[in-house]
Amino acid sequence: MQRIRDSVTLRVLPILLTPLALSLMIVSGPAAGQEPEGLQFVVSFPSSVSSEAITGRVFVILTDNDSREPRLQVSRRGAPFFGVDVETLRPGETAVIDASTLGAPVESLKDLVAGEYYVQALLNIYTKFERSDGHTVW
């Protein structure tokens, strides 16, 4: 469990995605001499998962209960989630989700209600289709 600010505490759940294992790092404090930027999540994957670059979308899902995985609690009024597109993300490179990342049903990480949260990262890998007319569809 990691206390991010007086009102928000996070518990990072083991990533249960097969075969993809993601690394989730929570960054909450500023570097020396910098202004605080607020809560942010840094997500990456190791080369043991994929040695090639991945194009897709990275999500971070937060929930206040552990009855099910956070990703299974997403709905219109369910667990808040935030996502960013990644293009040719290589092993060890990071995708950052911060207060500027649009979320639903909570618009920004800065709008999270005070409390304790379980956190899960998810990477949706897009499949590339090269059509016979020369167009590429992801």
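We did not get these values from a lab; they are worked out from the coordinates using the rules stated. Keep in mind that what you see is a predicted model, and the values were worked out from it rather than measured. Glycine gets a Cβ as well: all are built from the backbone with ideal geometry, and neighbour counts include every protein chain shown.
Between the stretch 69-89 and the stretch 97-114, what's the alpha-carbon centroid distance in Å?
11 Å
Once amide H atoms are placed 1.01 Å from N in the peptide plane, what residues at a sequence separation of 5 or more from Ile54, or on another chain, have their amide H within under 5 Å of its amide H?
Thr88, Leu89, Arg90
Amide H of Glu116: which non-local residues (sequence gap of 5 or more, or other chain) have their own amide H closer than 5 Å, using H built in the peptide plane?
So Glu116 has HN proximity to Thr9.
Based on Cα positions only, what radius of gyration and what Dmax would you give for the stretch 38-138, in angstroms?
Taking only Cα atoms of the stretch 38-138, I get Rg and Dmax of 15.4, 52 Å.
Report the label-to-label distance for Glu93 and Arg131 in nanometres (one decimal), using points 7 Å from each Cα along the Cα→Cβ vector.
Computed distance between label sites Glu93 and Arg131 equals 2.6 nm.
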